[in-house]
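Beneath this line is the structure, given in structure tokens, with notes to follow.
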Amino acid sequence: MKLVVMTQPTFFVEEDKIIASLFDEGLDALHLFKPGSSPMYSERLLTLLADDICSKITVHGNFYLKEEYKLRGIHIDDATTPAPRGYRGHISRTCTHLEDLKEAKKNADYVFLKYIFNSQTELDKTASFTEAELKEASHRGLIDRHVYALGGMNIDTVRIAKDLGFGGVVISGDLWNRFNIHQELDYQELIDHFKKLRKVIG
């Protein structure tokens, strides 16, 4: 089971150091998600990261960064939008409906299924599926190693996602809520929590 971290939507001073530390502790992949920001700030962040780290980063938007910094791939935030013309490389997507998974998996290396549990970053976003619906989707082969659970992931829900047969989980709020980007410089609590998540996934 893969462990993916989604970045904070805003940039902050210690970000490159935290990202490097997460990869040191066994992070599989990072998704660079900075909606509405100038690509200049993403460029600045990427220049601070080693090449072997950049090769494990997938970018949401500003797809030219993929070639510029030799990133892992691009992420399309829906199930159906075609890849940029002429693009060859790693693609992931986001789905919000179970019935979209089959088609989305044909056009992606893996797919995020969103709103699995109540979001810890978007407090108005609640779970879109019952556990029974997810079990049925797993039984039908819709949820498999190419589908990663996104939304409300923490130590308890990661265990549930693992039992349901998801190929990975996407961590965001459960990790970033342990570090105040405006007031703190010491991010050890965040790293310690990541280690616990890593153990659960095995």
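The values are calculated or read from the model by the stated rules, or taken from the named source; none is laboratory data. Bear in mind that the values here come from a model prediction, so they are computed numbers and not experimental data. Cβ coordinates were reconstructed from backbone atoms using ideal geometry, including for glycine residues, and neighbour counts include every protein chain displayed. Side chains included, ligands, DNA and RNA excluded: accessible areas come from the protein's heavy atoms. Shrake-Rupley method; radii C 1.70, N 1.55, O 1.52, S 1.80 Å.
Identify all residues within segment 73-118 that are open to solvent by 10 Å² or more (accessible area, probe 1.4 Å), aromatic (Phe, Trp, Tyr) and under 23 Å from ASP174 (Cα atoms); write none if there are none.
TYR115, PHE117
For segment 13-37, enumerate the residues that are over 24 Å from THR94 (Cα atoms) and modelled with pLDDT under 95.
If the condition is that a residue be over 24 Å from THR94 (Cα atoms) and modelled with pLDDT under 95, then VAL13, GLU14 are the ones that fit.
Would you check which residues across segment 153-163 are in a helix (DSSP H, G or I) and open to solvent by less than 10 Å² (accessible area, probe 1.4 Å) and list them?
VAL158, ALA161
What number of residues in segment 1-37 are assigned to a helix (DSSP H, G or I), among the charged types (D, E, K, R) and surrounded by fewer than 16 Cβ atoms within 10 Å (Cβ to Cβ)?
Selection size over segment 1-37: 2.
Could you go through segment 46-68 and let me know if any residue there is touching a strand residue (DSSP E or B) at 6+ places or on another chain (Cβ under 7 Å) and of a type in the set (Phe, Trp, Tyr).
For segment 46-68, residues touching a strand residue (DSSP E or B) at 6+ places or on another chain (Cβ under 7 Å) and of a type in the set (Phe, Trp, Tyr): present.
When you scan segment 48-59, how many residues do you find that are open to solvent by 20 Å² or more (accessible area, probe 1.4 Å) and closer than 21 Å to HIS146 by Cα?
The qualifying residues number 2.
Of all the residues that make up segment 119-137, how many are part of a loop (DSSP other than H, G, I, E, B) and either open to solvent by less than 20 Å² (accessible area, probe 1.4 Å) or in contact with a strand residue (DSSP E or B) (Cβ under 6 Å, 6 or more places away or on another chain) (or both)?
Residues meeting the conditions: 1.
Can you spot a residue in segment 184-198 that is closer than 26 Å to THR130 by Cα, open to solvent by less than 50 Å² (accessible area, probe 1.4 Å) and either of a type in the set (Lys, Arg) or in contact (Cβ under 8 Å) with a residue 12 or more places away in the chain (or both)?
Scanning segment 184-198, I find at least one residue that is closer than 26 Å to THR130 by Cα, open to solvent by less than 50 Å² (accessible area, probe 1.4 Å) and either of a type in the set (Lys, Arg) or in contact (Cβ under 8 Å) with a residue 12 or more places away in the chain (or both), so the answer is yes.
Scan segment 171-202 for residues that are charged (D, E, K, R), closer than 20 Å to THR157 by Cα and either touching a Pro at 6+ places or on another chain (Cβ under 8 Å) or not in a helix (DSSP H, G or I) (or both) and jot them down.
Within segment 171-202, just ARG178 meets the criteria.
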